[in-house]
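**Q** Would you mind keeping the following structure in view while I ask a few things?
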Amino acid sequence: MQENLYLGNLDAKRDWGYAGDYVKAMWMILQQEQPEDYVIATGETHSVREFVELAFRHVGINIIWRGMGLNEKGVDAASGKEIVRIDPRYFRPTEVEILLGDPTKARKKLGWKSETSFEELVSMMVTADLNNTQRDLLCKKKNGFRVSNWIE
């Protein structure tokens, strides 16, 4: 519904995980006789750039990157239209380049591991956004109501 998606650091790497998997880990931790600390994570990183590419691929758009730094843009390979832009407002002042958790203890002691792949997570998130957008558009059409009337 927007002309462009504005992002900050495309190269920041994160340990992306599905909340449902993490809730299962929490439940498993609560079943233990003795309390202990665990790191709950996937143990793998993916960049914001990878996330963007997968998200757009999910809706049939192949992103190619042009330019560098603040001038880098994500372009729809088929149409040539710029759809991703960098905005310095979205850079974190204390950016951490890589966030990665080590779930070894949770795997060994609890038998837990993340069951949802990065690709599945991105797909789930895009599908949820598409469903929400479709609902919002239907609400806007029905009886002339605008979604903002309900949110405010």
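**Q** In the chain, what % of DSSP beta bridges are antiparallel (nearest 5)?
**A** Percent antiparallel among DSSP bridges in the chain is about 70.
**Q** Now a separate question. Once you keep just the Cα pairs under 8 angstrom separated by 6 or more residues, what percentage relative contact order results for region 3-73?
**A** 34 percent
**Q** Find the percent of Cα-Cα distances in the chain that exceed 25 Å, and round it to a whole number.
**A** 48 percent
**Q** Go ahead and estimate [θ] at 222 nm for the chain from helices alone: -39,500 (n - 2.57) per DSSP H run with n ≥ 4, summed, over the residue count, rounded to 500.
**A** -11000 deg cm²/dmol
**Q** Which order do R14, R89 fall in if you start with the one that has the fewest other Cβ atoms within 10 Å?
**A** R89, R14
**Q** Please report the relative contact order for region 5-146, taking Cα pairs under 8 Å with a sequence separation of at least 6, and give it as a percent rounded to a whole number.
**A** After rounding, I find 33 percent.
Read the figures in this text as sums done on the coordinates, not as results from a lab. If you're wondering where the values come from, they're calculated on a predicted model, not measured in any experiment. Cβ coordinates were reconstructed from backbone atoms using ideal geometry, including for glycine residues, and neighbour counts include every protein chain displayed.
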